[in-house]
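Some notes on the structure that comes next.
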């Protein structure tokens, strides 16, 4: 049979089938009835039939939609604005917030941060801790890869840690990893041995891992100048695909694209672009105009907030002015501060008033802030009960028995808008108590080098970055009173020393929490500082950006804890398909 004959046979067969369909009695009766209509009735019938058909289809679609669920879909980008400019997109050299943000997005560690603030395995498949708390063993995932597709091995982990321990590199991570022994067991197994138990050690393993094959022939002196500092190869959820600079060579923007090799799965967003600004005002303007879509540190309607693992207060130095060695003086000056007013008027409500050294957001119950109708009167009562009298003419409090006076206070602090405003509020409160106050402002670097390190202050308005592990040892142990220790209140309490040591060495989470609670209560009761507030972390994001979860924030880069799951597009699917893994 020729093709032409075959086609004719098929067409003939199709015509016969259609003829048989028209011969069905029901259809013949309907066709006959319609044929009996007048032309006008026939038109009305067809219009009604069309309406019924459209309604039926719409109803079926609406019914289907009630059973479908929206799920994240791949695609979309985000434009983020930030103050400053990155220099080192490298977890070993990152020193600025911009450095740390881009390092967090392009590199991955053995462990990572979840949206709830817990640590979860990332490059590691599993880990174990020895019974004595000194040996940590990690097994890498088989499919762990860098953004160029090369595998992540135990040698890469060992190289990264050993480079952090290299004093010549001058890495900010040096102190954390000093004394830790690193052993490669096999290509997928790495072992760390600590000189003594250190419960917060797991937090250190969030350190981003460098590919040894690309860095091993670069000397420590050449590290900061490698092209890999701005075009890194890491194992994070994103990779750098473009860098824009101004005429002076300063980075103005960085473009990131999704890393298809990310071990926890391709991010939903196709990319993120960072635009960098030198001033807060410029960033705020860019956010308002839509030039950028998201930014941290700016408060807008609908901004996300999270507890900041930082506490601010005025820290006393009894070595500079002996009167601050008296407990009633420290207590009176602390009670005189109207914390709630500062939080509301100075900080716009984006903070929590505090009385102790542990920031909110964890398991510790904060020492309650006294609800005083008249803080000035309460402070004066504390002084008077301890034998102090006020000389209004000299504007000084005197204690005849102790032969001491409480007169002009000089507050030293950073020349930044927030702390300037808080210092002014504290000045107002203390002057209500009859004590003259001077405020001295320093640029942050100058304050650190020439005021804090040599302990040249009587009253220091400053903030402590406590950290998610809430290890307070460096801030309050008596052995940390001198530089480079961070005990800027020169605090000494043997009971607290023992609790600090026990908290950092105990692997029992409940025991650590109990120790931390005792530390909070004991330090607060001694008033070594007038603790004032713990700031909130604020993050302005577009309304259609979903999946953002903010844990307690230690550094701003923690806002990217769930960045691989952020999304702007969705698909509608049957529930059955959402359960398929």
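Readers should treat all values here as calculations from the given coordinates under stated rules, not as data from a laboratory. Computed from a predicted structure; not experimentally measured. Note that each Cβ is placed from the backbone with ideal geometry, even for glycine, and that neighbours are counted across all protein chains shown.
A compact table of results
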{"quantity": "Computed [θ] at 222 nm, helices only, for the chain once each DSSP H run of length n ≥ 4 contributes -39500 (n - 2.57)", "calculated": "-9500 deg cm²/dmol"}
{"quantity": "For peptides 126-136, 422-432, sequence by mean Cβ density within 10 Å, most packed first", "calculated": "422-432, 126-136"}
{"quantity": "FRET efficiency for residue 450 and residue 543, using Cβ-Cβ distance with R0 set to 45 Å, rounded to 0.05", "calculated": "0.45"}
{"quantity": "Debye log10 I(q)/I(0) at q = 0.17, 0.21, 0.32 Å⁻¹ for segment 530-570, Cα point scatterers", "calculated": "-0.53, -0.72, -1.21"}
{"quantity": "Label point distance in nm, residue 49-residue 285, each placed 7 Å from Cα along Cα→Cβ", "calculated": "6.7 nm"}
{"quantity": "Nearest 10 degrees, 0 to 90: helix 97-106 Cα axis against the chain principal axis", "calculated": "40 degrees"}
{"quantity": "Area projected by the alpha carbon convex hull of segment 127-170, averaged over all directions, nm²", "calculated": "4.5 nm²"}
{"quantity": "Value of D in µm² per second that Stokes-Einstein yields for segment 306-537, Kirkwood Rh from Cα pairs, at 20 °C (1.002 mPa s)", "calculated": "119 µm²/s"}
{"quantity": "Packing-based exposure ordering (other Cβ within 10 Å, fewest first) of 345, 38", "calculated": "38, 345"}
{"quantity": "Relative contact order [Cα under 8 Å, 6+ residues apart], segment 306-537, whole percent", "calculated": "35 percent"}
{"quantity": "Computed over the chain: relative contact order in percent, which uses C-alpha pairs under 8 Å that are six or more apart", "calculated": "19 percent"}
{"quantity": "Residues 364, 122 arranged by fewest to most Cβ contacts within 10 Å", "calculated": "364, 122"}
{"quantity": "Zone of residue 222's modelled label, taken as backbone nitrogen in segment 147-163 under 18 Å from a point 7 Å along Cα→Cβ", "calculated": "160, 163"}
{"quantity": "Calculated diffusion of segment 299-380, Stokes-Einstein form, Kirkwood radius summed over Cα pairs, 25 °C and 0.890 mPa s, µm²/s", "calculated": "167 µm²/s"}
{"quantity": "Rounded to 10°, Cα long-axis angle of helix 417-432 versus longest principal axis of the chain", "calculated": "40 degrees"}
{"quantity": "Sequence of 497, 99 once ranked by neighbouring C-beta atoms within 10 Å, starting from the fewest", "calculated": "497, 99"}
{"quantity": "Residues residue 58 and residue 126, FRET efficiency given R0 of 51 Å [Cβ-Cβ distance, rounded to 0.05]", "calculated": "0.45"}
{"quantity": "Whole-number percent relative contact order across segment 69-184, with pairs defined as alpha carbons under 8 Å at least 6 apart", "calculated": "15 percent"}
{"quantity": "In nm, spacing of pseudo-spin labels at residue 402 and residue 246 (7 Å Cα→C-beta vector)", "calculated": "5.2 nm"}
{"quantity": "Kirkwood hydrodynamic radius of the chain, Cα pairs, Å", "calculated": "28.4 Å"}
{"quantity": "Stretchable slack from residue 174 to residue 483, in nm (0.36 nm times residue separation minus alpha-carbon distance)", "calculated": "109.5 nm"}
{"quantity": "Potential lengthening between residue 341 and residue 569 on full extension [0.36 nm per residue; Cα-Cα distance subtracted]", "calculated": "77.8 nm"}
{"quantity": "Spin-label model distance (nm) - residue 194 vs residue 135, 7 Å beyond Cα toward Cβ", "calculated": "1.5 nm"}
{"quantity": "Between 0 and 90°, nearest 10: helix 3-22 axis offset from the chain longest Cα axis", "calculated": "90 degrees"}
